[in-house]
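Report on the following structure.
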Amino acid sequence: MNENKQNLLKTLPQIDKLVKETSLRYQEISVLEIKQACQQALSSIRQEILSDQLTSVTVSDIFEKINTCLTTEPDYHLTSVINATGTILHTNLGRSLLSKKVRNHLNDVAYHYCNLEYDVNEGKRGSRYQHLTEIVKDLTGAEDVLVVNNNAAAIMLALRAIANDKEIIVSRGELVEIGGSFRIPEVIKLSGGTLVEVGTTNKTHLTDYKQAITENTGALLKVHTSNYRLIGFTEQPSLEEMASLAKQKQLPLVNDLGSGLFFDLQKFGLPYEPTIQEALSKGCDIVTFSGDKLLGGPQAGIIVGKREWIEKMRQDQLLRALRVDKLTLAALEATFMLYQNKEQAFANIPTLKMISKDLTICHEEASQLKKAIDDKTIGFRAQIVPSKSNIGGGSFPEEEMNSVAISLSSDNYSLIELEEKLRKGSIPIISRIYQNQLLLDCRTIDPSEHQLILNELITLQGANE
Ligand SMILES: *Cc1c(COP(=O)(O)O)cnc(C)c1O
């Protein structure tokens, strides 16, 4: 071996020192992974020196190599994408994003044993359903809580417990279909209850409910018409009126609220919708909602309300089939923790953060992205344009929020081609074409994703050279 090669090999850092320095740069990655990456990087550099591919090595060469080892991911089928559509709760793109504050807790529970069904104080078997009880009771004022796989499961379990073999009265204006396969009449049938429709599509009066009540009635069901809205000549009795009727007839009132609102969002330009606390305080016996809509947590169905009914749901064999796993419970508890303080919730829960993102902030972020595209890429034109975002996920139908987008075009690709190229890149960027413009909506793009978008554009321009 010639002297130069030997000297070069000697200049390579000691593994321990390298691991220490690398750990400082990548604080989120475990030491074990860093050690493996350092070993892999050093051995590949040694090989390259020995085979004359490298004749000099700088510190930054070494770190670049380590970075490649650390960031090379297997080719997963389910992968992250950049949501540039402006639809916040995009069901096809996974609805809510979890807060980064949830991440540490998820890691902790996922990579260690946990007290999922173990009562640490008593030293004996516990229940997985206990972990969320106190916090959700505190936040909502409910007597009891149960969490299942999704809101469809929640409503089905609730109706089985309350009105199995009995009649369930629902307004014709609320017999909705949500998200393709969730249909209220079908869910009632599956629960073992019998649907009794009252009123008409646009108008249902309290007397319609009153007249339909017989000795076979098991419950009154109110369904939030999340994904469509009746406008014009319409009427539905208020929650208070329904609650008072239910109470008078000694029947439970079940409310499928759908989206899981804890704070009023009217000041962000959205219409009135009851919060969970409100629905309970106005007299609903059982309220169900999703974990991954406006709540901004993991997919789950949350049932809150009267203890006697929830206890009955706990005894149902079906609960075993609908049960949530430890990761869902961990993510949900950590999300609810953030709800203990309103500012904290809006600052950390991505769904709430995007809904409350000020238009001036959207504009600033769009300007940064435009500047970066102008400065760092060739052959692309970026223009800042007003745009409309929406909430999506079957929440707040047709309500659009003002937003700001980048209208992107290219010298080399048509809009249709560009949309496809962005979608099929190494990190799929999901954009939309609207009125002959390809829009990247800044309400749903996090500024931390700007660099990834730039990288994709640079790759695209390279592919065209
Ligand atoms: C979204 C929604 C559902 C279905 O909830 P999933 O969590 O998706 O199962 C049911 N009811 C209403 C009113 C909804 O808005």
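Coordinate-derived values only; no laboratory data. This one's a predicted model, so the numbers in the text were calculated from it and none came from an experiment. Heads up, the Cβs are rebuilt from the backbone with ideal geometry, glycines too, and the neighbour counts pull from every protein chain shown.
Each Lys and Arg Cβ is given +1 and each Asp and Glu Cβ -1; about its Cα centre, the chain then shows a dipole of about 500 debye.
Residues whose amide H lies under 5 Å from that of L97, counting only those 5 or more places away or on a different chain, are T351; hydrogens are built 1.01 Å from N in the peptide plane. Relative to the Cα centre, the charge distribution of the stretch 100-348, modelled as +1 at Lys and Arg Cβ and -1 at Asp and Glu Cβ, gives a dipole magnitude of about 320 debye.
Here the spin labels are modelled as points 7 Å beyond Cα on the Cα-Cβ line, and at I427 and D16 they lie 3.7 nm apart. A straight chain from L359 to N412 at 0.36 nm per residue would run longer than the Cα-Cα distance by 15.9 nm. Can you tell me the orientation of helix 59-71 relative to the chain, as the angle in degrees between its alpha-carbon axis and the longest Cα principal axis, to the nearest 10? Approximately 30 degrees, to the nearest ten.
Rounded to the nearest 10 degrees, the inclination of helix 359-376 to the longest alpha-carbon principal axis of the chain is 30 degrees.
Sites listed here are chymotrypsin sites (Phe, Trp or Tyr not before Pro) in the stretch 101-180 whose DSSP assignment is loop and whose Cβ has at most 10 other Cβ atoms within 10 Å: Y111, Y113. Using the Cβ-Cβ distance between Y272 and N107 with R0 set to 30 Å, the FRET efficiency works out to roughly 0.20. The GluC sites (Glu not before Pro) of the stretch 109-167 that DSSP puts in a loop, and whose beta carbon has at most 11 other beta carbons within 10 Å, are E122. Taken as Cα centroids, the stretch 103-137 and the stretch 1-66 sit 42 Å apart, rounded to the nearest whole angstrom. Taking label points 7 Å from Cα along the Cα-to-Cβ direction, V385 and R183 give a separation of 3.8 nm. Comparing L78, T459, A372 along the charge dipole axis of the chain, the residue lying farthest to the positive side is L78, per the Cβ-charge model. Pull out a ≥ b ≥ c, the square roots of the eigenvalues of the alpha-carbon gyration tensor of the stretch 191-343, then state rounded if a/c is under 1.5, prolate if not and a/b is larger than b/c, and oblate in the remaining case. Oblate, since a/c reaches 1.5 and b/c is not below a/b.
Taking 0.36 nm per residue of separation and subtracting the Cα-Cα distance, what length does fully extending V120 through E28 add?
On the way: separation 92, 0.36 × 92 = 33.12 nm, distance 2.94 nm.
Taking V120 through E28 to full extension adds about 30.2 nm, to one decimal.
For the stretch 298-356 versus the stretch 139-184, the spacing of their alpha-carbon centroids is 16 Å.
Hand me the trypsin sites (Lys or Arg not before Pro) from the stretch 205-238 located in a DSSP loop with no more than 12 other Cβ atoms within 10 Å, in residue order please.
Details: sites: K210, K222, R229; in loops: R229.
Hits after loop and neighbour filter: R229.
Karplus-derived 3J(HN,Hα) values for the stretch 455-461, using 6.51 cos²θ - 1.76 cosθ + 1.60 with θ = phi - 60°, are 4, 5, 5, 5, 4, 5, 5 Hz; glycine and proline are entered as x.
A full extension of the chain between S238 and E134 corresponds to an added length of 34.5 nm, given 0.36 nm per residue minus the alpha carbon distance. Paramagnetic label reach from I458 (point 7 Å along Cα→Cβ; backbone nitrogen cut-off under 15 Å): within the stretch 421-450, residues 426-427, 449-450. Cross-link check: pairs K5/K376; K100/K306; K306/K388; K267/K306; K35/K101; K267/K326 evaluated at a Cα-Cα cut-off of 29 Å; pairs beyond the cut-off: K5/K376; K100/K306; K306/K388; K267/K306; K267/K326.
Work out the length of the dipole vector of the stretch 226-335 about its Cα centre, built from +1 on the beta-carbon of each Lys and Arg and -1 on the beta-carbon of each Asp and Glu, and round it to the nearest 20 debye.
Values: 13 positive and 14 negative charges, 56 e Å.
It works out to roughly 280 debye.
Per-residue ellipticity at 222 nm from helix content only, as computed over the chain with -39500 (n - 2.57) for each DSSP H run of at least four residues, stands at -12500 deg cm²/dmol. Computed from Cα atoms, the angle from the helix 100-110 axis to the main principal axis of the chain rounds to 90 degrees. Spin-label model, Q39/V81: points 7 Å from Cα along the beta carbon direction are separated by 3.8 nm.
What's the exposure ranking of S23, S259, going from fewest to most Cβ atoms within 10 Å? Each step should come with its number before you reach the end.
Working: S23 15, S259 23.
The fewest-first ordering by Cβ neighbours comes to S23, S259.
When F336, F268, F182 are arranged by Cβ crowding within 10 Å, least crowded first, meaning fewest neighbours, the order is F268, F182, F336.
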